[in-house]
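**Student:** Input: one structure, supplied below.
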Amino acid sequence: MSLLYSCVACGPKVLADHAEVGGNFEVVTQQILDKAVASFKQRQTFAIDQYHVHVLIRGQFTFLAVSDTRFSSEKSYEFLSKVGSIFLSGDLPKRHKEVNAYGFRREFSPVICSCLSEHNKVHKSEDPLPSRLKPGPLNTTEEARNMEEARETISDFHVYENGERRLSQLQEMVAETSRTVKRNLIKMISREALIRPMLKTSEKLLENSDKFKVVGNKYLAEKKKQLRKLRIATGVFVVSVVIIVVIILYIFVKDT
């Protein structure tokens, strides 16, 4: 039972890490970091195969540790708190934007290595089962009682392990749902940003159409008024011509 790997990250970017054993920790770490950052929880534990991944978030920095399933979560967070305090007390947080991924390996990975070794050394002798229990025939009532206690301890441990694993799965499902909701909200906001200019344009078009309607009505009224005046003038002119013609014909007939 021990801590196997640990790293310090800012968002999805791992700044420094150290592994006590070989493995694809970098790939697993990247997947866990994406989930942990999206959930906005300060303390989280994820179950992956026979390992537990513990995450502690402080501000914009994420501290991660991988342990086997029997290692205590509280001890893992105790380790992460220690690493986080050391990291945040230095000048590295001020320079994290200046480096690429794993840019602090030379400066801080030895610190992680030292903390891992010290933590594992302190807790390596701990065991969830009584150390006096060994396989063999039961010779006394005391040994039978001890074995029965061991079975109950093992049963309780498995119940706890399964419950913790289910809780981690539920946390992952909630985190995935949260990410889906956030993506949908972002899509809605982007669509709203596209719709707003269209609404403003349509409002301007409606306003312009109303203005055009008012101007058009005024123009039609003015034209009708002018046409009415033209008709009256034409009628007066025709009547005047008829009267003049009648007068001329009357004078001509009288002279003859």
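**Student:** How many residues, within segment 32-52, are modelled with pLDDT of 85 or more and either closer than 16 Å to S81 by Cβ or not in a strand (DSSP E or B) (or both)? Break it down stepwise before answering.
**Tutor:** Here is the first cut: in segment 32-52, the residues modelled with pLDDT of 85 or more are 32-33, 42-47, 51-52.
Still in the list and also either closer than 16 Å to S81 by Cβ or not in a strand (DSSP E or B) (or both): 32-33, 42-45.
Of the residues in segment 32-52, 6 are modelled with pLDDT of 85 or more and either closer than 16 Å to S81 by Cβ or not in a strand (DSSP E or B) (or both).
**Student:** Go through (1) over 24 Å from V174 (Cα atoms); (2) surrounded by fewer than 18 Cβ atoms within 10 Å (Cβ to Cβ); (3) polar (S, T, N, Q) one by one and return the number of the condition S109 breaks.
**Tutor:** Tallying (1) over 24 Å from V174 (Cα atoms); (2) surrounded by fewer than 18 Cβ atoms within 10 Å (Cβ to Cβ); (3) polar (S, T, N, Q), S109 fails exactly one: (2).
**Student:** Filter segment 62-78 down to the residues that are aromatic (F, W, Y) and in contact with a His (Cβ under 8 Å, 6 or more places away or on another chain), then identify the one that is surrounded by the fewest Cβ atoms within 10 Å (Cβ to Cβ). Show your work before the answer.
**Tutor:** To start, the set of residues in segment 62-78 that are aromatic (F, W, Y) comprises 63, 71, 77.
Narrowing the set further to residues that are in contact with a His (Cβ under 8 Å, 6 or more places away or on another chain) leaves 71, 77.
On the way: F71: 24, Y77: 19.
Within segment 62-78, the match that is surrounded by the fewest Cβ atoms within 10 Å (Cβ to Cβ) is Y77.
**Student:** I'd like the full set of residues that are within 30 Å of I32 (Cβ to Cβ) and either of a type in the set (A, V, I, L, M) or in contact with an Asp or Glu (Cβ under 7 Å, 6 or more places away or on another chain) (or both), limited to segment 188-231.
**Tutor:** Within segment 188-231, M188, I189 meet the criteria.
**Student:** Could I ask something else about it? Kindly indicate which of N217, N184 is under 42 Å from the mean Cα position of the chain (by Cα), modelled with pLDDT of 80 or more, among the polar types (S, T, N, Q) and surrounded by 10 or more Cβ atoms within 10 Å (Cβ to Cβ). Quick ask: steps written out before the conclusion?
**Tutor:** Values: N217 fails: under 42 Å from the mean Cα position of the chain (by Cα).
On inspection, the qualifying residue turns out to be N184.
**Student:** Sticking with this structure for a sec: Mind listing whichever residues of segment 70-128 are assigned to a helix (DSSP H, G or I), more than 30 Å from D49 (Cα to Cα) and small (G, A, S)? I'd like the intermediate steps shown before the answer.
**Tutor:** First, the residues of segment 70-128 that are assigned to a helix (DSSP H, G or I): 73-89, 92-98, 105-123.
Filter once more, so that each one left must be more than 30 Å from D49 (Cα to Cα): 86, 88-89, 92-98, 106-107.
Correct list: S89 only.
**Student:** Here's a follow-up. Select from segment 1-15 the residues that are closer than 17 Å to H54 by Cβ and of a type outside the set (V, I, T) and write down the one among them that is surrounded by the most Cβ atoms within 10 Å (Cβ to Cβ). Steps first, please.
**Tutor:** Our first condition is that a residue be closer than 17 Å to H54 by Cβ; within segment 1-15, this holds for 1-9, 14.
Still in the running and of a type outside the set (V, I, T): 1-7, 9.
Details: M1: 16, S2: 17, L3: 22, L4: 18, Y5: 22, S6: 28, C7: 26, A9: 26.
This residue is S6.
**Student:** Return yes or no: is T140 over 23 Å from E74 (Cβ atoms), at pLDDT 80 or above and among the hydroxyl-bearing types (S, T, Y)? Reasoning before the result, please.
**Tutor:** On the way: over 23 Å from E74 (Cβ atoms): yes; at pLDDT 80 or above: no; among the hydroxyl-bearing types (S, T, Y): yes.
It is false that T140 is over 23 Å from E74 (Cβ atoms), at pLDDT 80 or above and among the hydroxyl-bearing types (S, T, Y).
**Student:** Does any residue in segment 167-187 that is under 12 Å from A36 (Cα atoms) come within less than 7 Å, Cβ to Cβ, of a residue that is modelled with pLDDT of 80 or more and assigned to a helix (DSSP H, G or I) six or more places away or on a different chain, and which pairs are these?
**Tutor:** Every condition considered, the pairs that remain are E172/K35; A175/K35.
**Student:** Any chance you could count how many residues in segment 74-90 are more than 18 Å from K13 (Cα to Cα) and without any contact (Cβ under 8 Å) to a residue 60 or more places away in the chain? Show your work before the answer.
**Tutor:** The initial filter retains those residues of segment 74-90 that are more than 18 Å from K13 (Cα to Cα), namely 74-79, 81-82, 85-86, 89-90.
From what is left, the residues that are without any contact (Cβ under 8 Å) to a residue 60 or more places away in the chain are 74-75, 77-78, 81-82, 85-86, 89-90.
Total meeting the criteria: 10.
**Student:** Out of segment 16-55, which residues are among the small types (G, A, S), under 13 Å from Q171 (Cα atoms) and surrounded by fewer than 21 Cβ atoms within 10 Å (Cβ to Cβ)?
**Tutor:** In the first step, residues of segment 16-55 are kept if they are among the small types (G, A, S); the result is 16, 19, 22-23, 36, 38-39, 47.
Remaining after also requiring under 13 Å from Q171 (Cα atoms): 36, 38-39, 47.
Hits for segment 16-55 are A38, S39, A47.
The values are calculated or read from the model by the stated rules, or taken from the named source; none is laboratory data. It should be emphasised that the depicted structure is a prediction, and the values quoted were computed from it without experimental measurement. With ideal geometry, Cβ positions are generated from the backbone for all residues, glycine too; neighbour counts draw on all protein chains shown.
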